[in-house]
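In what follows, a single structure is set out as structure tokens and then discussed.
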Amino acid sequence: MSDNLMLENAALQVEEALPESMNPVEPFLRSERIPHIWCPGCGIGTTVNCFARAVMDSKLDPNKIAVVSGIGCSGRVAGYVNLDSFHTTHGRAIPFATGLKLANPELTVVVYSGDGDLASIGGNHLIHAARRNLDIKVICVNNLIYAMTGGQSAATTPESCTTATSPYGTFEPTLNLPHLLEAAGATFIARWTTYHVMQLAKTMKEALLHKGFSFIEIISPCPTLFQRRNQMGDGLETMKFYKEHGKTKHGADTASLDMTKSGDIIIGKFVEKKDRPEYIDHMREYYTQKLGRPFEYQVKTC
Amino acid sequence: MPADPKAVLTGVHFLNGDVACCEGALAAGARFAAGYPITPSTEIVERFASRAPEVGGVFIQMEDELAASIALQGAVWGGAKSFTVTSGPGFSLMMEHVGYAAMTETPCVFVDVQRGGPSTGLPTLPAQGDMMQARWGSHGDYEVIALCPNSPQECFDLTIKCFNWAEDYRNPVVLLMDECVGHMTEKVVIPPAEQIDVTPRHLTDKRPGDYLPFKPCDNLVPEMAHAGDGYRFHITGVTHDERGYLAVTSQAQDKLVRRLCDKIRSAADQLTLVEEEGTEDADVVVVSYGITSRVAERAIRMARERGLKVGKLRLITIWPFPENRVRAVARRVKTLVVPELNLGQMVYEVERVAGGLARTVGVTHAGGGVHRPEDILAAIVEGAQ
């Protein structure tokens with residue numbers, strides 16, 4: 001990689017040269033792929049805007065950030081960000097990211113996907129990645145439903161919601177993701193809604209700079225399939241709902257974070273721990289001790 | 001380029017096939033393995049877990065085979081040479097990611113130490129029941145390269161070949177071992193590092209704006225880049241164009257999937273490894289592979305003692321199927337005898353290629369042991385008539 005090329009790709013430099021009419025996040029997006037596929041009122045694009053701002057504010061080199069997605073509406077994020085990006089298989093973004101990070105620990109590895117992908121089909125990987133405390137950042141857009149396939153109920157769908165596969169309403173208990181992640185060992189856990197864009201961008205930046213397994217849940221509308229079927233209005237109505245019912249409680253007990261159909265949504269940063277060693281740091285130290293000489297980490301050989 | 005001497009155990013050893021496979025992977029440059037325990041393959045990653053820290057490598061035991069088979073691909077895009085190992089039930093779970101590797105053209109190696117199936121089957125006993133799964137196990141049209149060793153020495157040698165061909169063709173490569181070969185202990189000669197030829201990753205030297213991750217070179221294989229190199233490329237398992245962007249049309253599908261298949265099919269002759277002996281004036285040729293080829297040796301010897309003209313054709317490359325070599329033999333013999341530790345898999349490939357030029361006779365065995373040489377001999381005797 002020559003200095004010349006680094007300059008070409010340094011987004012901050014590009015940003016300085018932006019015309020006034022251009023959105024400052026544009027250098028972080030693949031504008032040739034716009035318009036995106038997301039519906040009017042969908043919250044995923046809002047989260048991507050926050051993410052682009054977080055990347056800018058973090059001052060990290062965008063050439064050293066990789067985004068890994070699974071399958072679903074939120075799984076399409078990888079295709080729109082102007083970073084190294086991997087659209088993987090359904091549920092398996094986290095193990096792909098695990099290999100990527102272990103091969104090149106210099107990379108900031110972000111997993112960006114949806115609730116069905118990360119918490120249901122990929123739930124096992126979510127638990128074990130949190131257990132390892134490997135330094136990957138998971139952004140989970142939770143629209144409470146399987147959206148890409150037509151609005152089927154999910155492990156995150158609150159009780160008594162109508163979905164394509166629960167025409168009489170859902171009755172299964174739901175997953176409280178922050179609680180699950182805390183139990184599994186994640187060292188950074190937060191939740192916001194797509195109404196809380198300033199807080200979300202700030203938390204994303206903090207997660208990008210946190211060393212260890214980080215998890216941000218973003219409650220996000222699916223006006224086409226969730227809000228409409230449940231007579232909860234359009235995207236704007238949902239923003240008003242989030243504004244009214246989003247209650248910030250930093251450090252809240254994660255056991256208290258269950259989601260209901262129309263109740264309050266507890267938001268904030270719940271966990272930020274520095275006392276658990278990060279996986280690669282721990283491995284280096286451990287093997288150095290066991291080998292009696294420095295562990296010369298060199299997985300990237302190509 | 002020569003192997004990195006740091007990881008090459010040059011010398012004469014007494015190793016089982018699983019351990020020899022691991023040493024081959026290390027010699028080939030593998031510094032990352034992701035696995036999930038399953039008999040009879042586990043000794044490969046047990047060895048890797050022990051050897052990797054000495055050479056700066058990483059073994060990670062994932063939570064299941066789905067995770068292992070995609071973690072290894074993340075590691076590839078981060079700049080590692082990597083592999084996973086498994087057996088029947090685990091290989092079934094990995095199938096989605098064999099397809100992902102084929103679609104995203106991720107150079108990587110899957111080792112399958114075959115045991116009896118279906119389902120849990122015979123966890124500790126041999127079979128050759130995954131031959132077709134290696135070829136067709138994931139959905140859709142794609143090609144793999146698959147090699148089949150019949151000794152610990154070949155487990156070492158062919159593992160290196162698997163890694164090298166994965167790079168040359170940007171394709172998943174499968175090493176189809178079996179429980180007998182994996183657990184058999186024999187002499188294994190590991191040459192000096194400078195005598196081991198290791199294929200480097202074919203990385204692009206194009207500038208970021210000019211690089212297209214799926215634009216093929218003359219051999220139909222695109223060049224690679226790694227995450228973090230400044231290219232900001234996109235990889236997807238969805239049908240895509242040369243930029244890697246989604247292209248969900250029948251035209252894009254036709255262009256991409258035909259190329260994925262053609263890059264392997266057009267190289268079939270270069271990828272063919274067979275061992276052929278005594279076929280020139282033979283009436284019967286025994287076509288075999290893996291552990292069964294060693295039982296076939298005995299049957300051939302017994303037949304020759306009876307004065308029969310018998311040759312052998314051992315398939316080392318299984319996929320792409322060595323059509324030209326099999327057809328050439330079929331032209332000059334009466335009968336092709338195909339013993340295998342399954343109820344008929346490769347025999348149908350042999351029959352297809354023979355195309356009526358020679359009679360094709362299978363000698364089946366459901367697994368759990370190896371053939372009795374007498375059973376193969378009986379087929380030879382009948383085939384010679």
Self-check item: Per-residue mean of C-beta atoms belonging to partner chains within 10 Å, peptide A:57-70
Solution: 2
Quiz item: When chain B is modelled as a GNM with alpha-carbon springs shorter than 10 Å, which of B:Val58, B:Val337, B:Val98 fluctuates the most?
Solution: B:Val58
Quiz item: Under Stokes-Einstein, with the Kirkwood radius over Cα pairs standing in for Rh, what whole-number D in µm²/s applies to the stretch B:192-315 at 10 °C and 1.306 mPa s?
Solution: 84
Self-check item: Structure-based [θ]222 nm, chain B - -39500 (n - 2.57) summed over DSSP H runs of at least 4, per residue, nearest 500
Solution: -11500 deg cm²/dmol
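So between A:Arg131 and A:Val197, what do we pick up on full extension, going 0.36 nm a residue minus the alpha carbon distance?
Numbers: separation 66, 0.36 × 66 = 23.76 nm, distance 2.90 nm.
Extra length from A:Arg131 to A:Val197 when fully extended: 20.9 nm.
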Quiz item: How do A:261-269, A:145-153 rank on mean C-beta neighbours within 10 Å, highest first?
Solution: A:145-153, A:261-269
Self-check item: Cα gyration tensor shape for the protein assembly as shown, rounded if a/c is under 1.5, else prolate or oblate
Solution: prolate
Quiz prompt | Estimated distance in nm for a label pair at B:Gln195 and A:Glu106, the labels positioned 7 Å out from Cα along Cα-to-Cβ | solution = 3.7
Quiz prompt | Relative contact order of chain B, pairs being alpha-carbon contacts under 8 Å that are 6 or more residues apart, as % | solution = 17
Quiz prompt | Choice from B:Gly244, B:Gly209, B:Gly367 with maximal GNM fluctuation in chain B (Cα, 10 Å cutoff) | solution = B:Gly209
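Please report the net charge: other residues with Cβ closer than 15 Å to the Cβ of B:Arg47, K and R +1, D and E -1.
Around B:Arg47, the charge tally is -3.
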Practice problem: Please list B:369-376, B:284-291, A:229-236 highest first by mean number of surrounding beta-carbon atoms within 10 Å per residue. | Solution: B:284-291, B:369-376, A:229-236
Quiz item: How about the stretch B:236-330: which GluC sites (Glu not before Pro) there lie in a loop by DSSP and see at most 13 other Cβ atoms within 10 Å?
Solution: B:Glu280
Practice problem: Provide a whole-number value for the mean count of partner chain Cβ atoms within 10 Å of the Cβ atoms in peptide B:221-227. | Solution: 4
Quiz item: At what distance in nm do the modelled label points of A:Ile37 and B:His139 sit from each other, each positioned 7 Å from its Cα along Cα→Cβ?
Solution: 1.5
Self-check item: 3J(HN,Hα) from dihedral phi, the stretch A:245-258, Karplus parametrisation 6.51/-1.76/1.60, rounded to Hz, x for glycine, proline
Solution: 9, x, 10, 6, 9, 4, x, 4, 4, 5, 5, 9, 9, 4
Practice problem: Over chain A, calculate the relative contact order: mean separation of alpha carbon pairs under 8 Å at least 6 apart, over the residue count, as a percent. | Solution: 17
Exercise. Grab the beta carbon distance between A:Thr165 and A:Arg228, set R0 = 22 Å, and tell me the FRET efficiency rounded to 0.05.
Key: 0.90
Quiz item: Rounded, prolate or oblate: which one fits chain B, using the alpha carbon gyration tensor with axes a ≥ b ≥ c (rounded when a/c is under 1.5, else prolate when a/b beats b/c, else oblate)?
Solution: prolate
Quiz item: Taking the mean number of other Cβ atoms within 10 Å as a proxy for protection, how do you rank B:151-161, A:118-128 from highest to lowest?
Solution: B:151-161, A:118-128
Quiz prompt | Antiparallel bridge percentage (DSSP; both residues within the protein assembly as shown; nearest 5) | solution = 25
Exercise. Please find, in a Gaussian network model of chain A (springs between Cα atoms separated by less than 10 Å), the residue of A:Asn23, A:Asn143, A:Asn49 whose mean-square fluctuation is greatest.
Key: A:Asn23
Exercise. May I ask you to derive the FRET efficiency for A:Ala255 and B:Glu275 from their Cβ-Cβ distance with R0 = 60 Å, giving the value to the nearest 0.05?
Key: 0.40
Quiz item: In whole Å, what is the distance between the alpha-carbon centres of the stretch B:181-199 and the stretch A:31-74?
Solution: 47
Quiz item: Expressed as an acute angle from 0 to 90° and rounded to the nearest 10, what is the orientation of the C-alpha long axis of helix A:44-58 relative to the principal long axis of chain A?
Solution: 30
Practice problem: Starting from the Cα of B:Lys309, draw a straight line to each of the lysines and keep only those under 23 Å, dropping any in the same chain fewer than 8 residues away. | Solution: B:Lys334
Quiz item: Within a Cβ distance under 13 Å of A:Cys140, other residues only, what is the Lys/Arg minus Asp/Glu net charge?
Solution: -1
Practice problem: Hey, for a label at A:Glu26 modelled as a point 7 Å past Cα toward Cβ, could you say which residues of the stretch A:52-68 have their backbone N under 19 Å away? | Solution: A:52-57
Self-check item: Relative contact order computed over the stretch B:17-166 (Cα-Cα under 8 Å; 6+ residues apart), in percent
Solution: 29
Exercise. Compute the signed sum of charges (Lys and Arg +1, Asp and Glu -1) over the other residues within less than 11 Å, Cβ to Cβ, of B:Gly367.
Key: -3
Quiz item: Other chains near B:76-89: what is the mean number of their Cβ atoms within 10 Å of each residue's Cβ?
Solution: 4
Exercise. Could you check what % of the DSSP bridge pairs in chain B are antiparallel, to the nearest 5?
Key: 35
Quiz prompt | Residues whose placed amide H lies under 5 Å from that of B:Ala267, excluding near-sequence neighbours | solution = none
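Only the coordinates and a few stated rules stand behind these numbers; no lab work does. Please read all numbers here as calculations on a predicted model, not as lab measurements. With ideal geometry, Cβ positions are generated from the backbone for all residues, glycine too; neighbour counts draw on all protein chains shown.
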